[in-house]
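Have a look at the structure below, then the notes.
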There are 4 protein chains.
Amino acid sequence: MTPPPQGLTHQPATSQPRQQFGSDNYAGVCPQALDAINRAATGSTPAYGDDAWTRLAAKAVTDLFDAPQARVFFVFNGTAANALVLATLCPPYCSIIASEIAHVDTSERGATEFFSGGAKLVTPPTGDGKVTPASITQAMRRTRDFEASTPAVVSITQPTENGLLYTIDEIRAIANTCHDNGLRLHMDGARFANAVAALECTPAAMTWQSGVDALTFGGTKNGMAMGDAVVFFTPQLAQGFAERAKQGGQLASKMRFLSAPWLSMVQSGAWLANARHANAAAAAFAQAIAGIDTVELAWPVQSNGVFVLMPEHVANTLRAQGWRFYTVFGSVYRFMFAWDACMDSVAALAADLRASAQG
Amino acid sequence: MTPPPQGLTHQPATSQPRQQFGSDNYAGVCPQALDAINRAATGSTPAYGDDAWTRLAAKAVTDLFDAPQARVFFVFNGTAANALVLATLCPPYCSIIASEIAHVDTSERGATEFFSGGAKLVTPPTGDGKVTPASITQAMRRTRDFEASTPAVVSITQPTENGLLYTIDEIRAIANTCHDNGLRLHMDGARFANAVAALECTPAAMTWQSGVDALTFGGTKNGMAMGDAVVFFTPQLAQGFAERAKQGGQLASKMRFLSAPWLSMVQSGAWLANARHANAAAAAFAQAIAGIDTVELAWPVQSNGVFVLMPEHVANTLRAQGWRFYTVFGSVYRFMFAWDACMDSVAALAADLRASAQG
Amino acid sequence: MTPPPQGLTHQPATSQPRQQFGSDNYAGVCPQALDAINRAATGSTPAYGDDAWTRLAAKAVTDLFDAPQARVFFVFNGTAANALVLATLCPPYCSIIASEIAHVDTSERGATEFFSGGAKLVTPPTGDGKVTPASITQAMRRTRDFEASTPAVVSITQPTENGLLYTIDEIRAIANTCHDNGLRLHMDGARFANAVAALECTPAAMTWQSGVDALTFGGTKNGMAMGDAVVFFTPQLAQGFAERAKQGGQLASKMRFLSAPWLSMVQSGAWLANARHANAAAAAFAQAIAGIDTVELAWPVQSNGVFVLMPEHVANTLRAQGWRFYTVFGSVYRFMFAWDACMDSVAALAADLRASAQG
Amino acid sequence: MTPPPQGLTHQPATSQPRQQFGSDNYAGVCPQALDAINRAATGSTPAYGDDAWTRLAAKAVTDLFDAPQARVFFVFNGTAANALVLATLCPPYCSIIASEIAHVDTSERGATEFFSGGAKLVTPPTGDGKVTPASITQAMRRTRDFEASTPAVVSITQPTENGLLYTIDEIRAIANTCHDNGLRLHMDGARFANAVAALECTPAAMTWQSGVDALTFGGTKNGMAMGDAVVFFTPQLAQGFAERAKQGGQLASKMRFLSAPWLSMVQSGAWLANARHANAAAAAFAQAIAGIDTVELAWPVQSNGVFVLMPEHVANTLRAQGWRFYTVFGSVYRFMFAWDACMDSVAALAADLRASAQG
């Protein structure tokens, strides 16, 4: 929050000259979510979630999962959702097994350690970023002593941080390993909708029917302004979550501005349509850069991200042209596509990439 | 988040039948803040605050305070703002002196203890809820041993939780006591705008010019959907705040939806106009219930809340009529007025109260 | 830990010229505890409590309480014992009700807040330092909102920090109030033996038979070098304690040096004999200063501490004569008597006090 | 702390039938430390470290390091020493780089995460358990984003958990890398004396003269009953340590029973003699098992531990014969030798191992 750069007008333009694919957080608010905010904006409504919007939104989510007994909470963002779930499921003296590229480990600045009061993340190497039953078993073996933080939870990201999907069978196998060992299974679904869209399964099939105990259901990346949902499929596991959320600064006083967009997104089907569009944009981009010498995909494109291996000079050229994207490591670069991905911009980016690589 | 009550339509009505005064959080979003959300909704913008809206909003706030060196942060709510500031200013093995009715002690479910990692709130009795130099000195005397959590910060709420105002002179006297004793001074300004409106002073006069080190500047109660600002007037005191906010789940990915409304509210002057209107509604209500036997004000009305001493049967009757308000304790009841207070509703409430008390 | 004062010999003298009564921590190790250390000093023994001394010591403690099902743990000191018990019984988002002079609140520098990860201490005024059913009920009323840290535990100190005793009936009444309200009852028995000696009851009567759920059983003040015990009378409440102790740096690798003295103290009866002697010394001192004008007892002498109201000049004179004691507040001064109290020194102190007050 | 096994006499025998080498914590208290306890046992001494023993012990340690400005603290055990140092040096939102076999990561049950309030341990693979400048640089590269817990400290164990030594040059190179990157360097010296004995250097050379900022100086494994020292070579880095120790339950009330043995051990030279003996026993054992087919050393023997690769059936036979030792992983087994290692027992163990392997 440094002083504004020179030359900025006093009000930022409402549209940027060029769409960017650095993050699916660059996108704005989709019409359905925006409409809900506008409709909730007036009138007098009880605070802290004791309102009709919030009750209906929670009901819409449990309906979506065909899980009437599930407990649903709305918090401000995904880091808080993940950290609060993990703190609820994992005592401070235990540990959470996750992939070595899990967002909870690499990108939340110790939120899990902080919210849990000392729980440890154990991240066995996985190869492709997907936790396996074998990697869980291996991590358990290394931490079975009383001296170590015994695992209590496994956290998987669906889709993973590098854009891969767990199949339903893979989730079920992980859940079985968890439950055989007394562990709970958390799914970080910051892009959950993208996974549902890609696997063409029901939300239930991908979660509680496969053994997932608790889900972070991402709303922000799905097209809202902010606000992620937490779903506990076994209600007693939610014990203490509401209190932790309050203590952790995650109980919105005007809760309806988190919940009304959820109601709208779920009821309208925008949650799934947005994800389908984003996935399609990623597929289109991958298609458009296929067959370029020196450029290849780091991983198959299975959701809304494309991870590209390309020479550093290509990346530099693209950046000099004004494109924004992340360097994951070495010469692997990430392009993320959101609900608002403009196919012309996708094509323009692909064309620039091709030109630079072949130039 | 229990199942919705019977008879609710599938979409809540956008306006409630009757305006309520239980909390200034019952109100919706004012037009200026809503307009900003709508204008920020489209286009591609870098995430996590690295955007023009956020830069301009931070600049607008430092301009408002005539404090170019100040550091400004936007977080999701007031509990987080308070707890993160106090955790930044107070080591885990020290304490914070506050009033015994301070929101940070009574209504944030241990957020300060949690975010700080163990700091203690020390709440000497104050009589009217206002911290005094003498109450600080007394609290310091009780905790000067190495065995005790030595005070490091004083936190005052302006206006207080019972609607009273510290005068500029009172703030300066408290700040002097703080600084003479090596303490920092935090102001919880959840309703800061109401205090500025009431005292008709500049934001600077009420804060850094009087010795306040850090401010929680409330946006939600002032008419936004969510989002409070934190202002450190001495930049080096902000050391670690951004990192704590990230770790604490308070860094919005689509930050512009917190910051754009701030920009709009400050630039348009709505922040102050909203507060003036709310204060005026409170004054009108107090005026309208004056002179009723058995009903009196628990404290003078100095901002946007009215605290009424009235017989329990009067409260019960009002509630039976559908009015919502808080019982503070015993037979003291709280009525809060927001930016959207409808003078007709205020008058209707007053009339019902008068009728019930005199009936 | 500043550099040593001038003139100190390179090895401190093993006995100080004058016995002091500032704290019962000034005393050394009693012969029974010392003998146990010497006997445990040789030989090869498994670490971390997996040894015969520790098993026998735990058994001796459960025998002493006639509570075979109880779980016993040995930790390094009383602050850790209290904080770990309270963290085990109280979630981070709840609170603990204690007296406003409770050691856990005034003298452990936020250990409870720290170990629990954010639990709050609620300390209703009690008059004489003894929690009452009414003070519990009052504290619960103030914190019943979701916004507040709901009470989960009551902690009482037996004897209290000002030397008073709860009767068995008082403990039972408190326990009933706790259990009627879903609260657990913790007893901080830093001087538990002194209470048993004074009330001439069984350890069982004062604890689980009266409804105490968990006890901190003080060893250090009772004549050991260090090491307090924790006793959970309901074994399932101990869930997580061992793990918290390990994580909290309270699992002694050479555990036998904590446990062997406990075994010796309990089996020999020294635990009770030491306490009786200390109590008798306090009574003798109180007796010896009775009837002096301007000097009176602040509270009745019921255990091993004497709290004296006396003119400041008398305190100053005594200190000038080399006596060490604590100023509690105002002109109330504390004299503590330990297992090793020398009756000649007690008499000398009383004589100096009398002379100074009457001089 | 389960009930005692059948047949145990009511007092454990003071010597076990067979010396064991599972841990250097199996050993008792050496005569010099025991003598200090006995000598400190009587007399009246101020509590909490305000006593002559503690002042002299602190002075003896700073003299030993030729570092008069250093700050010295005595705490109960090594886990607490490490965790408190790291919490003092590392903010909750930063991280500590350590070896993937570091005791602070594998064997302290999240103590560092807990005491620091959320700091993360980052453990790049090292090959042989020794942190290198390259592994630090690599870990820093992976965590340089604002989203990650930026490293603030490097912690190295000297000797390492697998018995290897950093040379003075290696320590200096690590320290240079640290300081070039704004990191502090902590040395976990749970077996510091063994390293000094092995490298035949001064304590100063291995620590502050090579750039170490803070040291955990192990006393328990060196022959004391309990109690490790913490040494900050730069006094201002100790800011807050004493307060954290108090809050963390690590301020001994009868401090002299921690400090007097330190005074005795340092002044008598027992600290170094004990370590030399332990190292010699390890060397003798390694020598005695040399040349056995199917048995080899997992790592060179450089301090007081011997890590042996041997067939599982050999380990099983030894255990059936009553020998206790740890399985590190796979078929690597650990034998630790303490100040009291009896050369006959060492020879007996070696003979049994040889017989079993060659049988």
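The values are calculated or read from the model by the stated rules, or taken from the named source; none is laboratory data. Keep in mind that what you see is a predicted model, and the values were worked out from it rather than measured. Using ideal geometry, Cβ is built from the backbone for each residue, glycine included, and neighbour counts are taken over all protein chains shown. For accessibility, only protein heavy atoms count, side chains too; no ligands or nucleic acids. Shrake-Rupley method; radii C 1.70, N 1.55, O 1.52, S 1.80 Å.
Structure above, values below:
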{"quantity": "Positive-pole candidate from A:TRP208, A:VAL75, A:VAL230, dipole of region A:31-270, charges at beta carbon", "calculated": "A:VAL75"}
{"quantity": "Other-copy label distances relative to D:ALA134, 7 angstrom Cα-Cβ extension, nm", "calculated": "2.8, 7.1, 7.5"}
{"quantity": "Cβ-vector label at 7 Å, A:GLU312, separations to other copies in nm", "calculated": "4.7, 7.3, 7.7"}
{"quantity": "Heavy-atom SASA rank of C:TRP262, C:TRP339 (probe 1.4 Å, accessible area, largest first)", "calculated": "C:TRP339, C:TRP262"}
{"quantity": "Axis proximity, chain B to A: residue whose C-beta lies nearest, plus whole-Å distance", "calculated": "B:PHE76, 2"}
{"quantity": "Cβ-based net charge around A:ALA281, under 12 Å, with every Lys or Arg adding one and every Asp or Glu removing one", "calculated": "-2"}
{"quantity": "Gain on full stretching of the segment that runs from D:ASP293 to D:PHE329 - 0.36 nm per residue minus C-alpha separation", "calculated": "10.9 nm"}
{"quantity": "Point-charge dipole on Cβ atoms (K/R +1, D/E -1) for chain C, about Cα centre, debye to 20", "calculated": "580 debye"}
{"quantity": "Longest to shortest principal axis, alpha-carbon extents of region D:31-269, angstrom", "calculated": "57, 38, 30"}
{"quantity": "Position D:GLY359, label points 7 Å along Cα→Cβ, spacing to each other copy in nm (shortest first, one decimal)", "calculated": "7.6, 8.0, 9.6"}
{"quantity": "Area of C:GLU170 that stays accessible when all protein chains are in place (1.4 Å probe, Å², to 10)", "calculated": "70 Å²"}
{"quantity": "Accessible surface of the protein assembly as shown, 1.4 Å probe, proportion on carbon and sulfur as whole %", "calculated": "52 percent"}
{"quantity": "Most positive-pole-ward Cα, C:GLN287, C:GLN20, C:GLY129, against dipole of chain C from beta carbon charges", "calculated": "C:GLN20"}
{"quantity": "Solvent-accessible surface (1.4 angstrom probe) belonging to B:ARG184, in square angstrom, nearest 10", "calculated": "100 Å²"}
{"quantity": "Under 27 Å from the Cα of A:LYS246 - lysines, other chains or at least 8 residues apart", "calculated": "A:LYS59, A:LYS120, A:LYS221, A:LYS254, B:LYS120, B:LYS130, B:LYS221, B:LYS246, B:LYS254, C:LYS120, D:LYS120"}
{"quantity": "Accessible surface buried upon B-A contact (total; probe 1.4 Å; Å², nearest 100)", "calculated": "6900 Å²"}
{"quantity": "Surface accessible to a 1.4 Å probe, D:HIS103 within the full protein complex, Å²", "calculated": "50 Å²"}
{"quantity": "DSSP bridge pairs, region A:108-253: antiparallel proportion in percent, nearest 5", "calculated": "30 percent"}
{"quantity": "Contact order normalised by residue count of region D:31-269, Cα under 8 Å, 6+ apart, percent", "calculated": "31 percent"}
{"quantity": "Magnitude of the charge dipole, region C:142-278, Cβ model with Lys/Arg +1 and Asp/Glu -1, debye to 20", "calculated": "480 debye"}
{"quantity": "Net lengthening on full extension, B:CYS342/B:ALA355 (0.36 nm per residue, minus Cα-Cα)", "calculated": "2.7 nm"}
{"quantity": "Region B:274-358, relative contact order [Cα under 8 Å, separation at least 6], %", "calculated": "40 percent"}
{"quantity": "Dipole moment magnitude, nearest 20 debye, region C:271-358 about Cα centre, only Lys, Arg, Asp, Glu C-beta charged", "calculated": "160 debye"}
{"quantity": "For the protein assembly as shown: accessible area per residue (Å², 1.4 Å)", "calculated": "33 Å²"}
{"quantity": "Net charge, B:PHE192 excluded, C-beta distance under 12 Å - Lys, Arg +1, Asp, Glu -1", "calculated": "0"}
{"quantity": "Antiparallel bridge percentage (DSSP; both residues within chain B; nearest 5)", "calculated": "55 percent"}
{"quantity": "Helix-derived mean residue ellipticity, 222 nm - over chain A, DSSP H n ≥ 4, -39500 (n - 2.57), to 500", "calculated": "-12000 deg cm²/dmol"}
{"quantity": "FRET efficiency, 1/(1 + (r/R0)^6) with R0 30 Å, evaluated for B:HIS313 and C:ASP128 via beta carbons", "calculated": "0.20"}
